[in-house]
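Q: Once you've had a glance at the structure underneath, I'll fire off some questions.
No value in this document is a laboratory result; all are computed from the given coordinates. Remember, it's a predicted structure, so these values are computed and weren't measured experimentally. Methodologically, a virtual Cβ is constructed for each residue, glycine included, from the backbone with ideal geometry; neighbour enumeration extends over all protein chains shown.
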Amino acid sequence: MKKLNRLLIVMLMAAVVACNTKVEQKTTDTEMKKDDFKYLLEQFADLKIMRYQVPGFDQLTLDQKKLVYYLSQAALCGRDIIFDQNYKHNLMVRNTLEEIYSNYEGDRSTPDFQNFVVYLKRVWFSNGIHHHYSTDKIIPDFSQDYFAELVSKSPKAEFPFKEGESMDEFMGMIVPVIFDPMVAPKRLSQDPEKDLILNSACNFYEGVTEEEAVKFYDKIKDPNDPEPISYGLNSKLVKENGKIKEEVYKTGGLYGPAIEKIVFWLEKASGVAENEHQKAVIDKLVEFYKTGDLKVFDEYNVLWVNDLSSHIDFVNGFIEVYGDPLGLKASWESVVNFKDMEATKRTEIISNNAQWFEDHSPVDDRFKKKEVKGVSAKVITVAQLGGDCYPSTPIGINLPNADWIRKEHGSKSVTMENITYAYDQAALGNGFMEEFCYSQEEIELAKKYGSLASNLHTDLHECLGHGSGQLLPGTSPDALKNYSSALEESRADLFALYYIMDPKMVELGIMPTLDVAKAEYNSYIRNGLMTQLTRIESGKDIEQAHMRNRQLIAKWCFEKGSAENVIEKVTKDGKTYFHITDYDKLRNLFGELLAEVQRVKSEGDYEAGKMLVETYAVKVDPVLHKEVKERFGKLNIAPYGGFINPVFDVAEENGEIKDIKITYPDDYTKQMLKYSEEFSFLSPVEPL
Ligand code: ZN
């Protein structure tokens, strides 16, 4: 998965709308024009809230519209799950804050109340009380005393008391959860010196240590199984009466009430599936939700990855493992989408040539796929986001994750272009490029090709990068442990960076000139060495996998190319810039690092992987960091963004759906409250 990076694709954003979506068309000098739709809705803390359009929805058939609608309902039903997975007290906190928000009878115009609202919005955004990206606990900008006042002046609020619990007991419990920086300080700890599980607030384990969890799974894994299930993917590992066991997410199991609703909508979706194959995919997913059987999940993935003819597609389930420090347990997410036929021509050229790219990559032959199977790629139009993909969304996805399925059956990659387009539109004219680009020439290049370059990078990253390479026989897919996510993202980025500068790209008609690649190199290095630091708090390390990956690559190349000054660090008027002096040499460095990272993955070389990440990806130059944050601060741009969803207006007659229209609400708070009202299926009251 690729989260929006190059910080703010922002900058680049200009470039041609039309050439984004038509391969056969050459890029022209026309810069992206702002369209009339309001993309940027509001900003608070370090966040901006945007919205996206869904072009093409009105052209779907009624059955296709129903399918999108049913899948979208299913996408919203898992919202409580992600809150609970992120931290065991999140639902209780969210519910309490919402009760205050809806019932507070005091003065709502005070700065304190405004700070309370910002905190509530941040909790909604992060699906919990930890920052969605840094995973640090969010500390409110109002006092405990004020919180007590909020509670006492909300007499009609129904707070989530446990049975027989007094107000004092309730406050004694919730106050430290919200205010004490020592209680659950981090959702996801990556400090290898400390117990990863005990130091992470995420809710995938209860009462077990890292060592116990690793042992538990080592014991049940069969190292000789060529088709291993994704052990532990859909369960919480708990210790009860001294015995360690899995609580499985399924109907009748953990998260049952929410999963039953998901199943309800999936079954409706099955009834309007576009074809038999797609129906089988949906039915298999339902079977998985009902059984929790990970073998069934693999069967589902094989069916799903082979469904290439359906126009509408979706992700729905326990998918990505970024939220678990051990990389085993998956967070719940959903994306509903349909194919952008025009733009997909571009990605089809790439996927049709996947074997050529694999054969010509700079990695050792032993680590290459002899036969690249079923690599498919498409550009999609997102119609609904849910769970871990909402409101902060990836811009590209490559699934399934199981290595053996990828090897035997291939993978599906998507580039989410109505989302990147909305990002671009929301960022037009914000001054970012002018501040951080080294030269006017760089700015021009970015304006001209930045948007195309960024989408192409995503195509290559998802489709070829994640899909490339193979493990040596006997190498465990989990061998890189806490470093696996950052290294996997590096591998995918390096593959994309290496090939975006290949003359083959022009030859295939995917891009008009290698200048597109130059725009990508400029933005990648600028971001990896500098601008992504705007997202890091002073004094902190880099933790997020994609950010680690970007700094790893940029810093490694900066260092290795220093003798020849491949990337030059320049100071002008007290401001730092990074400037690429030799694009071909930089490309060779990308190739060299790709070969090494692929070797690390293929051999499961934990020590070498650890060295790469710890040396290049984690630490931040405090002087540069301070400078970058100051420069960025003046621009008043929120470094993180998310999207609210469109809404489907269903016209019914005698209980039958006659038409579905899509509308675009513009109020973040209203959408969040509505979701809490309509899609709260798990109790915010904690068990005794
Ligand atoms: Zn990725």
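Q: Amide H to amide H under 5 Å from residue 643: which residues, 5+ apart in sequence or cross-chain, H placed 1.01 Å off N in plane?
A: It is 50, 392, 393, by chain and number.
Q: Also, quick follow-up: Collect residues whose amide H, placed 1.01 Å from N in the peptide plane, falls under 5 Å from the amide H of residue 567; neighbours closer than 5 in sequence don't count.
A: For residue 567, the qualifying residues are 581.
Q: Same structure again: Rounded to whole Hz and in sequence order, give me ³J(HN,Hα) for segment 654-667 from the Karplus expression 6.51 cos²θ - 1.76 cosθ + 1.60, θ = phi - 60°, writing x for Gly and Pro.
A: Each residue's phi maps through the Karplus curve to give 6, x, 10, 6, 9, 7, 10, 10, 9, 10, 10, x, 10, 10 Hz.
Q: If you don't mind, another one. Hey, if you put +1 on the Cβ of every Lys and Arg and -1 on every Asp and Glu Cβ in segment 282-365, which of 308, 356, 337 ends up farthest toward the positive end of that dipole?
A: Among 308, 356, 337, the one farthest towards the positive end of the dipole of segment 282-365 is 337.
Q: If packing is taken as the mean number of other Cβ atoms within 10 Å per residue, what is the order of 356-369, 167-180, highest first?
A: 356-369, 167-180
Q: Still on this structure: Can you give the % of DSSP beta bridges in the chain that are antiparallel, to the nearest 5?
A: Here the share of antiparallel DSSP bridges comes out near 75 percent.
Q: Can you tell me the convex hull volume per residue for segment 526-621, based on C-alpha atoms, in Å³ to the nearest whole number?
A: Residue-normalised Cα hull volume stands at 101 Å³.
Q: Arrange 89, 311 by Cβ neighbour counts within 10 Å, fewest through most, would you?
A: 311, 89
Q: Between residue 152 and residue 225, 0.36 nm times their residue separation minus their Cα-Cα distance comes to what?
A: That pair, residue 152 and residue 225, stretches by 20.4 nm at full extension.
Q: Just want to confirm a number: the relative contact order over the chain, from Cα pairs under 8 angstrom separated by 6+ residues, in percent.
A: 21 percent
Q: Collect residues whose amide H, placed 1.01 Å from N in the peptide plane, falls under 5 Å from the amide H of residue 469; neighbours closer than 5 in sequence don't count.
A: Under 5 Å from the amide H of residue 469 lie the amide H atoms of 369, each far enough along the sequence or on another chain.
Q: Using alpha-carbon pairs under 8 Å, 6+ residues apart, how would you state the relative contact order of segment 206-294 in percent?
A: Normalised by residue count, the contact order of segment 206-294 is 25 percent.
Q: To check my understanding: the extent here is largest minus smallest coordinate of the Cα atoms along each principal axis. What are those three numbers for segment 33-149, in Å, largest first?
A: 56, 37, 32
Q: Find the Rg to Rh ratio for segment 571-688, where Rh is the Kirkwood radius over alpha-carbon pairs and Rg uses the same atoms.
A: Computed over Cα atoms, the ratio is 1.19.
Q: Continuing with the same structure: From largest to smallest, what semi-axes in whole angstrom does segment 287-358 give when each is the square root of 5 times an eigenvalue of its alpha carbon gyration tensor?
A: One finds semi-axes of 27, 16, 13 Å for segment 287-358.
Q: For n ≥ 4 DSSP H runs only, could you compute -39500 (n - 2.57) per run for the chain, divide by its residues and tell me the 222 nm figure to the nearest 500?
A: That comes out to -13500 deg cm²/dmol.
Q: Here's a follow-up. In sequence order, what are the phi-derived ³J(HN,Hα) couplings for segment 520-533 according to the Karplus relation 6.51 cos²θ - 1.76 cosθ + 1.60 with θ = phi - 60°, rounded to whole Hz, with x for glycine and proline?
A: Karplus values, whole Hz, x for Gly and Pro: 5, 4, 4, 6, 5, 5, 4, 6, x, 8, 9, 5, 5, 4.
Q: Please give the direction-averaged projected area of the C-alpha convex hull for segment 375-509, in square nanometres with one decimal.
A: 10.6 nm²
Q: So how strong a dipole does segment 88-183 carry about its Cα centre when Lys and Arg Cβ are +1 and Asp and Glu Cβ are -1, to the nearest 20 debye?
A: Computed charge dipole of segment 88-183: roughly 400 debye.
Q: Also: Quick check on the chain: what does the Kirkwood estimate of hydrodynamic radius come out to from the alpha carbon pairs, in Å?
A: One over the average 1/r among Cα pairs gives 25.7 Å for the chain.
Q: At a threshold of 8 angstrom on Cα-Cα distance, excluding pairs fewer than six apart, so keeping six or more, what relative contact order does segment 88-183 reach in percent?
A: Averaging sequence separation for qualifying contacts and normalising by length gives 37 percent for segment 88-183.
Q: ³J(HN,Hα) across segment 202-215 via Karplus (A = 6.51, B = -1.76, C = 1.60, θ = phi - 60°), whole Hz, x for Gly/Pro?
A: Per residue, the Karplus-derived 3J(HN,Hα) values read 4, 9, 9, 9, 9, x, 10, 8, 4, 4, 5, 5, 4, 4 Hz.
Q: Something else now. Under a crude label model (7 Å from the Cα following the beta-carbon direction), how far is residue 275 from residue 182 in nanometres?
A: In this crude label model, residue 275 to residue 182 measures out at 6.1 nm.
Q: A further question follows. To two decimal places, what compactness ratio does segment 438-579 give when its Cα radius of gyration is scaled by 2.2 N^0.38 Å?
A: Normalised Rg, Cα atoms only: 1.13.
Q: To the nearest 20 Debye, how big is the dipole of the chain about its Cα centre, given +1 on the beta carbon of each Lys and Arg and -1 on that of each Asp and Glu?
A: Here the chain has a charge dipole of around 860 debye.
Q: Need one number: convex hull volume per residue for segment 88-183, Cα atoms only, in Å³.
A: Each residue corresponds to 95 Å³ of Cα convex hull volume.
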